[in-house]
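Undergrad: Dropping the structure in here first, questions after.
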Ligand code: F6P
């Protein structure tokens, strides 16, 4: 079948299915068994999607016609799938076991990956054992990761998710994250920290990101103000650089001995598995970090070798294609029923929207299909008290991902176990009501007033984990990474570049020059920008602040 005939066939199939309410589709016998899929401790339940089992067959025909199997192989074999930057995207290589080999441009990358992990393990060990000392000779007890985007969100998300896996030796170190350009997080944090025992990780693939360099400069000045020691001594004892641009980090002042590296073939938002994961390893220990990698590797193997019809990332992606391109749904809510996954929505916002938020195909032509939806989310039970009103009774169709674990708090306080039970009940209730609407009510319950009605028909996926462990988190994140890749193949776009963020950076540099010069009244941008610059200038001179 050609790609065009697959799109057409799916379009005709959607015309029929659009007439049916999900509550009717859900009456079919055997629906859960036919539409739920597993890998290790992970269950993907698609039975509340607005489709039939045969819809999946048709979607897989589209995947096949788009040469998805060929693209998957190209990804794993290190071909230049990032075509605009002419390089591979080898996050999967970062979680290969040491016994594997992967030749890229005539070189086996696996020994390099493991040598880097080994160096990271040594640094973790020095910090955990109190051997890394600050300028007074006291051991470091606080680490602040300075980074943004992929150099912040993945490590922060994983540290929060796996906090309870912190081993005894890691308890000597507190880990913090700072990203905001305006310095508000850092300013508040520095008030509480002791410079003599604080170490900063400057995490930046490019080592040019203005947000990160501005925070790093403030941290450096804080140390200089606290100690008489020479700047080189302070920087070498109190800063680690994690970067793919070692020379830039050295020019900033961080010696090679205090650097950890990764490679330009690791995309920023795919980098938590590399040395960018240093804060994760500090928080949960190297053994648990290895488990995280092993969980991701296991999902990689599943993605590479499982037939499309049972392949979890492919299924998750193709159901997204169905919703976006055939049912016209362009909003996607990520709803973890687990406070430990509080940062998962923010992490996925970058992963999905920075990867597939594009309208130009690999060949430079304009995309003829809608691509990445608007994605947002929140811890589910909290969101119930905030934006679920819109999901239930608003005008917008929204697809939802619920993420929840079956087991939690085993052997712990009864009241906590009860809280998990509550959370599970709410997750199941919301998925059910979103799908069925009023039909979820018993016959004896009256909701006859128009404002009490629930339309239902909002599709959702439930991702059920046996329990949230480092291995399970690794699999979960790899699942989403590959989902994004599959969708990019169907849309024909490159998910591994992010040219759309560049113009803003250039413009900010130009505006900074004007703000620095104080020459606001003579600015020659557009009228709106000139007007604001003048207003800022006037307000600053009123208060005597420097322009
Ligand atoms: O501006 C976007 C971006 O380049 C992201 O892709 C990246 O994750 C983030 O900035 C941080 O970049 P770096 O690690 O180079 O500081």
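Undergrad: Can you tell me which condition residue 169 does not meet? The list is (1) buried (at least 21 other Cβ atoms within 10 Å of the Cβ); (2) over 22 Å from residue 255 (Cβ atoms), and all the others hold.
TA: (1)
Undergrad: Test of understanding: among 278, 234, 292, which residue is farther than 26 Å from residue 351 by Cβ and either in contact (Cβ under 8 Å) with a residue 24 or more places away in the chain or within 13 Å of the ligand (Cβ to nearest atom) (or both)? Step through it out loud before you land on a result.
TA: On the way: 278 fails: farther than 26 Å from residue 351 by Cβ; 292 fails: farther than 26 Å from residue 351 by Cβ.
From the options 278, 234, 292, the qualifying one is 234.
Undergrad: Would you mind telling me which numbered condition in (1) farther than 15 Å from residue 115 by Cα; (2) outside any loop (DSSP other than H, G, I, E, B); (3) within 16 Å of the ligand (Cβ to nearest atom); (4) in contact with a strand residue (DSSP E or B) (Cβ under 9 Å, 6 or more places away or on another chain) residue 269 fails?
TA: (4)
Undergrad: Could I ask something else about it? Given the residues 501, 489, which is the only one that is surrounded by 14 or more Cβ atoms within 10 Å (Cβ to Cβ) and under 21 Å from residue 268 (Cα atoms)?
TA: Numbers: 501 fails: surrounded by 14 or more Cβ atoms within 10 Å (Cβ to Cβ).
Selected residue: 489, the only one of 501, 489 that is surrounded by 14 or more Cβ atoms within 10 Å (Cβ to Cβ) and under 21 Å from residue 268 (Cα atoms).
Undergrad: Return yes when residue 334 is closer than 16 Å to residue 487 by Cα and either surrounded by fewer than 18 Cβ atoms within 10 Å (Cβ to Cβ) or outside the structural domain of residue 157 (by TED's automatic domain parsing) (or both) and no when it is not. Can you show your working first?
TA: Working: closer than 16 Å to residue 487 by Cα: no; either surrounded by fewer than 18 Cβ atoms within 10 Å (Cβ to Cβ) or outside the structural domain of residue 157 (by TED's automatic domain parsing) (or both): yes.
Against the criterion (closer than 16 Å to residue 487 by Cα and either surrounded by fewer than 18 Cβ atoms within 10 Å (Cβ to Cβ) or outside the structural domain of residue 157 (by TED's automatic domain parsing) (or both)), residue 334 does not qualify.
Undergrad: Could you tell me which numbered condition residue 249 fails, if it satisfies all but one of (1) within 16 Å of the ligand (Cβ to nearest atom); (2) buried (at least 23 other Cβ atoms within 10 Å of the Cβ); (3) over 20 Å from residue 121 (Cα atoms); (4) within 19 Å of the chain's Cα centre (by Cα)?
TA: (4)
Undergrad: Next up: How do the helices (runs of 4 or more DSSP H) wholly within region 330-442 filter down when requiring 2 or more residues that are over 27 Å from residue 500 (Cβ atoms): which remain?
TA: On the way: elements: 344-348, 380-384, 388-393, 414-436.
Hits in region 330-442: 380-384, 388-393, 414-436.
Undergrad: Okay, moving on. For residue 455, which of the numbered conditions (1) assigned to a loop (DSSP other than H, G, I, E, B); (2) out of contact with any strand residue (DSSP E or B) (no Cβ under 8 Å at 6 or more places or on another chain); (3) within 20 Å of residue 353 (Cα to Cα) fails to hold?
TA: It fails just one condition, (3).
Undergrad: Given the residues 430, 412, 452, which is the only one that is surrounded by fewer than 15 Cβ atoms within 10 Å (Cβ to Cβ) and under 21 Å from residue 22 (Cα atoms)? Don't jump to the end; show me each part of the working.
TA: On the way: 430 fails: surrounded by fewer than 15 Cβ atoms within 10 Å (Cβ to Cβ); 412 fails: under 21 Å from residue 22 (Cα atoms).
Sole residue among the options that is surrounded by fewer than 15 Cβ atoms within 10 Å (Cβ to Cβ) and under 21 Å from residue 22 (Cα atoms): 452.
Undergrad: Out of all the residues in region 69-87, which are in contact with a helix residue (DSSP H, G or I) (Cβ under 9 Å, 6 or more places away or on another chain) and part of a loop (DSSP other than H, G, I, E, B)?
TA: 78, 79, 80, 81
Undergrad: Next question. Spot the failing condition for residue 260; the list is (1) within 16 Å of the ligand (Cβ to nearest atom); (2) assigned to a helix (DSSP H, G or I); (3) surrounded by 22 or more Cβ atoms within 10 Å (Cβ to Cβ), and only one is missed.
TA: Of (1) within 16 Å of the ligand (Cβ to nearest atom); (2) assigned to a helix (DSSP H, G or I); (3) surrounded by 22 or more Cβ atoms within 10 Å (Cβ to Cβ), only one is false for residue 260: (2).
Undergrad: Within region 18-35, work out how many residues are crowded, with 16+ Cβ neighbours inside 10 Å, closer than 21 Å to residue 324 by Cα and without any contact (Cβ under 8 Å) to a residue 60 or more places away in the chain.
TA: Summing the residues that are crowded, with 16+ Cβ neighbours inside 10 Å, closer than 21 Å to residue 324 by Cα and without any contact (Cβ under 8 Å) to a residue 60 or more places away in the chain in region 18-35 gives 2.
The values are calculated or read from the model by the stated rules, or taken from the named source; none is laboratory data. What you see is a predicted model, and the numbers here were worked out from it, not measured in a lab. All Cβ positions, even for glycine, are placed from backbone atoms using ideal geometry, and neighbour counts span all protein chains on display.
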